[in-house]
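K.L.:
For reference, the structure I am asking about is given below.
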Amino acid sequence: MTDSVLNRILHVDDEPDIREVARLALEELGGFTIESCASGAQALEQAPTFSPDVILLDVMMPGMSGPDVLRALHALPETAEIPVIFMTAKVQAQEIEALTELGAIGVIEKPFDPMTMSGQIKEIWDRHVVR
Amino acid sequence: MLFGKSQSTAEKLRALGAAYAASLPGKLQELETLARPLSSGGPFEEVQESLEAVRIVAHKIAGTAGTFGYQSLTDHARAIEKSLKLAIEAEQPLTAEQTAAIGLQIDALKNLSAAKPARGAHADALYEDTVAKAQPTGSVVLLAPSGGATELLVRQIEDAGYGVNWISGHADEVDGVVAGRARAILVHAALADGFKICRALNEVFRKEFRTSVPIIFLSDDGDFRARLRAVRSGATAFVGAPPQASAVVRKIEELSASMVFAPYRILIVEDDDMLALQCASAFEGPGYATRIVKEPDELLDRLQTFDTELIVMDLSVAGTSGLDLAKVVWQHDEFRDIAILFLSPGPEFNIEVLKIGVPDEFFVPRPIDIAALRKAAVRYLADLRSGRRSSNFIDLFRHLDRVAEATTSKQTPRRKGDGRGSVAPGPDATPQWPLKVLVVDDDRHLVDAMAINLSAHGIEVLKAYSGEHGFRVAWEEHPDVIITDYEMPDGSGDYLVGRLNAADETREIPVIVLTAHTLDGRKDYALEREFVGRLGAVSYLAKPISLDALVAEVGRIVPLPSTGSP
């Protein structure tokens, strides 16, 4: 059962610039608690201890890709239920469909707008909670 | 604490943007280095690794740059990524032409990255929004030198209930947004170049910001010469010998009561949030009223409810194009007087718009130079209000209307469909006989051959041998279908399709495009997108054409008695 309050977000992206600006957007403008990871492996390590409400996952990363990380998260009992939102520069309909079929609750397009990013995540979250 | 948390966030965003800007040359250098082996001309296996590496770096830039205000970099990087993705999927090395195109894209990235992201990027937008909202409505701007006398004057004006934005330096420090919202601007003669500043402010506020914010000149002298200089500098009023706060406040109240406020009304059609903000930031201040339309479907409703004088239209809008949206506007007589400034991502986007007669001055390049956008808009709007000109398209429409009036339409135009080749003759599309098909090609033999075949099916064939000629015949005869070569030597096939699409009377006539630009005579997606998607043709046929296929294609659009329904 998903907790209906969104507070903790684990953000995974190999680009340090993006991690910084997302942290600023989500912490200062969105009021969330953020933990950032630079790789999929790091995310798998952090997720059980940080216990995020949602994981914001970049699709194209060196080593483990976003989909690889999602599969690994789903395979672990303590992280299997954590909802995942993908972030990707590919936003063609069939690609979004493929990502949601993997089990993501939503997809955010890159480049994102730091001013509206929190709102986008809240919208996806609200839709997810209602389901 | 005037701005609070938002300002500090804005400052941090600005700092992150600056750090990203500083890192860009390194990223682009990496991209250029990785791309170098692509020009080797070797087989796919040899360059595959480089293709992948360049694609990943381009993907990263595409996904990041726009977040920091470099939307154009994102666009160019996406184009690179796309070319490489196609090559990788096809397992083909790049052609020399493709490699050169990628080189040009990288050059463009380097040039664009050298420019500071346009004002109005997220941080700036947030900052300006905060400044504008935080400013007390009853404020004045005071340009006066530092010193005890000025401090006293500031306190006394504040005591009278006005916020004072005191600038002791140069006029460049005046924030247009703040000053444009002020009750008055006070300029002290003791400031170096006080008279010049007064004149410059007058110029800016009257002409550029479209406000009638009074400019009050203050001077320690009260003689005739000082007053005269103040008047010549464009000041609205003079308080001198020396300026007493009570007299200044009285003058502010007196003048601000008669302020005229007739803002220019500008509609911004932009689906990209950041670009929309950039555009809107060009029109900050009380001289402008702006509305943003992000969803193309909302355009007409917004035009109805917002008494628009000028539309700023991005030529690149997701799912459609700025030109298509402009055409939607032009279809409505009541909106034809509204001028449109086109935001152009590149010269290639302008071609179709130029073809229908829109002058160069109505294009503003992206990335947006805020000052240039405002200047282009204000120049046009000022002329429009003063009656010196009408809309940028009105002459074009008058011309087309004259031609339309002179043409006796013999048939009800057939609907062209949605521009995706899905023309299905509905119950109201019953053709009137004989059917008329216009064939346009510079190859007269081919025209004759097509004519013979179409005539054999009972079709009346009209012939033309150039785009200009074809357009004239289309206007006069209003055929049921037009078949035109696209690549005529003088480029007039392209011209013809543009003209047909632009004119009300010919827009609905289904067009079949003939092209020799196909791969081994096969259809391909890029051409489909170009001719059917972008140009709005109902279909295209690859040359050399099969005359039977041509007749079948016409029959698909309009039922032929000899071929039956399609």
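The values are calculated or read from the model by the stated rules, or taken from the named source; none is laboratory data. Because the structure is predicted, anything quoted here is derived from the model rather than measured. Glycine gets a Cβ as well: all are built from the backbone with ideal geometry, and neighbour counts include every protein chain shown.
K.L.:
Picking from A:47, A:41, which residue would you name as being surrounded by fewer than 18 Cβ atoms within 10 Å (Cβ to Cβ), away from chain B (no Cβ under 14 Å) and closer than 30 Å to residue B:57 by Cα? It would help to see each step written out before you state the result.
P.N.:
Details: A:47 fails: surrounded by fewer than 18 Cβ atoms within 10 Å (Cβ to Cβ).
Sole residue among the options that is surrounded by fewer than 18 Cβ atoms within 10 Å (Cβ to Cβ), away from chain B (no Cβ under 14 Å) and closer than 30 Å to residue B:57 by Cα: A:41.
K.L.:
Still on this structure, I have one more. Determine which member of the set A:99, A:29, A:10, A:70 is under 25 Å from residue A:130 (Cα atoms), surrounded by 19 or more Cβ atoms within 10 Å (Cβ to Cβ), of a type in the set (A, V, I, L, M, F, W, C) and within 13 Å of chain B (Cβ to nearest Cβ). Break it down stepwise before answering.
P.N.:
Working: A:99 fails: within 13 Å of chain B (Cβ to nearest Cβ); A:10 fails: within 13 Å of chain B (Cβ to nearest Cβ); A:70 fails: within 13 Å of chain B (Cβ to nearest Cβ).
Every option except A:29 fails the conditions.
K.L.:
Of everything in segment B:25-64, what is under 20 Å from residue B:108 (Cα atoms) and either hydroxyl-bearing (Ser, Thr, Tyr) or at pLDDT below 85 (or both)? Give them in sequence order.
P.N.:
Pass one, segment B:25-64, residues under 20 Å from residue B:108 (Cα atoms): B:25-39, B:51, B:53-64.
Within segment B:25-64, B:33, B:38, B:39, B:64 qualify.
K.L.:
Could you pull out the residue among B:92, B:98, B:71 that is touching a Ser or Thr at 6+ places or on another chain (Cβ under 7 Å) and either buried (at least 23 other Cβ atoms within 10 Å of the Cβ) or not assigned by TED's automatic domain parsing to the domain that holds residue B:316 (or both)?
P.N.:
Working: B:92 fails: touching a Ser or Thr at 6+ places or on another chain (Cβ under 7 Å); B:71 fails: touching a Ser or Thr at 6+ places or on another chain (Cβ under 7 Å).
It is B:98.
K.L.:
State which residue is surrounded by the fewest Cβ atoms within 10 Å (Cβ to Cβ) when the search covers only segment B:289-322 and only residues that are of a type in the set (S, T, N, Q) and closer than 18 Å to residue B:335 by Cα. Spell out how you get there, then give the answer.
P.N.:
So the first thing to find is which residues in segment B:289-322 are of a type in the set (S, T, N, Q), and the list is B:290, B:304-305, B:308, B:316, B:320-321.
From the residues that got through so far, the ones that are closer than 18 Å to residue B:335 by Cα too are B:290, B:304-305, B:308.
Details: B:290: 21, B:304: 12, B:305: 9, B:308: 22.
Looking at residues that are of a type in the set (S, T, N, Q) and closer than 18 Å to residue B:335 by Cα, I get B:305.
K.L.:
Yes or no: segment B:234-247 includes at least one residue that is surrounded by 19 or more Cβ atoms within 10 Å (Cβ to Cβ), among the hydroxyl-bearing types (Ser, Thr, Tyr), over 13 Å from the mean Cα position of the chain (by Cα) and in the same structural domain as residue B:163 (by TED's automatic domain parsing).
P.N.:
Within segment B:234-247 (the criterion being surrounded by 19 or more Cβ atoms within 10 Å (Cβ to Cβ), among the hydroxyl-bearing types (Ser, Thr, Tyr), over 13 Å from the mean Cα position of the chain (by Cα) and in the same structural domain as residue B:163 (by TED's automatic domain parsing)), the answer is yes, since at least one residue qualifies.
K.L.:
What are the pairs with Cβ atoms under 8 angstrom where one residue, in segment A:77-88, is within 14 Å of chain B (Cβ to nearest Cβ) and surrounded by fewer than 22 Cβ atoms within 10 Å (Cβ to Cβ) and the other, located anywhere, is assigned to a loop (DSSP other than H, G, I, E, B) and not aliphatic (A, V, I, L, M)? Sequence gap at least six, or different chains.
P.N.:
Matching pairs, first to second residue: A:88/A:110.
K.L.:
How about segment B:519-561: which of its residues are at pLDDT below 60 and over 33 Å from the mean Cα position of the chain (by Cα)?
P.N.:
Once the filter is applied, which keeps residues that are at pLDDT below 60 and over 33 Å from the mean Cα position of the chain (by Cα), segment B:519-561 yields B:519, B:520, B:521, B:522, B:561.
K.L.:
Also, quick follow-up: For segment B:134-178, what are the residues that are part of a helix (DSSP H, G or I), crowded, with 16+ Cβ neighbours inside 10 Å and modelled with pLDDT under 65?
P.N.:
Residues satisfying the conditions are B:171, B:176, B:177, B:178.
K.L.:
When you scan segment B:213-284 for helices (runs of 4 or more DSSP H) that lie fully inside it, which ones turn up with 1 or more residues that are under 30 Å from residue B:69 (Cβ atoms) and either at pLDDT below 80 or not charged (D, E, K, R) (or both)? Talk me through it step by step, then tell me what you get.
P.N.:
Working: elements: B:224-232, B:245-256, B:273-282.
Hits in segment B:213-284: B:273-282.
K.L.:
Test residue B:203 against the criterion of being of a type in the set (D, E, K, R), within 30 Å of residue B:13 (Cβ to Cβ) and either surrounded by 19 or more Cβ atoms within 10 Å (Cβ to Cβ) or modelled with pLDDT under 80 (or both), and give yes or no. Please lay out each step first, then the result.
P.N.:
Values: of a type in the set (D, E, K, R): yes; within 30 Å of residue B:13 (Cβ to Cβ): no; either surrounded by 19 or more Cβ atoms within 10 Å (Cβ to Cβ) or modelled with pLDDT under 80 (or both): yes.
Taking the combined requirement at face value, the residue does not satisfy it.
K.L.:
Among residues belonging to segment B:68-78 that are among the hydroxyl-bearing types (Ser, Thr, Tyr) and within 9 Å of another protein chain (Cβ to nearest Cβ), point out the one that is farthest from residue B:316 (Cα to Cα).
P.N.:
Of the residues in segment B:68-78, the ones among the hydroxyl-bearing types (Ser, Thr, Tyr) are B:70, B:72, B:74.
Subset that is within 9 Å of another protein chain (Cβ to nearest Cβ): B:70, B:74.
Numbers: B:70: 16, B:74: 14 Å.
So the residue we want is B:70.
K.L.:
Only one of these is within 14 Å of another protein chain (Cβ to nearest Cβ), aliphatic (A, V, I, L, M), touching a Phe, Trp or Tyr at 6+ places or on another chain (Cβ under 9 Å) and within 26 Å of residue B:346 (Cα to Cα): B:65, B:58. Name it.
P.N.:
Details: B:58 fails: touching a Phe, Trp or Tyr at 6+ places or on another chain (Cβ under 9 Å).
B:65 is the lone residue from the list that is within 14 Å of another protein chain (Cβ to nearest Cβ), aliphatic (A, V, I, L, M), touching a Phe, Trp or Tyr at 6+ places or on another chain (Cβ under 9 Å) and within 26 Å of residue B:346 (Cα to Cα).
K.L.:
Which pairs do you get when a residue that is assigned to a loop (DSSP other than H, G, I, E, B), found in segment B:36-63, comes within reach of a residue that is surrounded by fewer than 18 Cβ atoms within 10 Å (Cβ to Cβ), reach meaning Cβ atoms under 8 angstrom, with the pair 6+ apart or on two chains?
P.N.:
B:41/B:96
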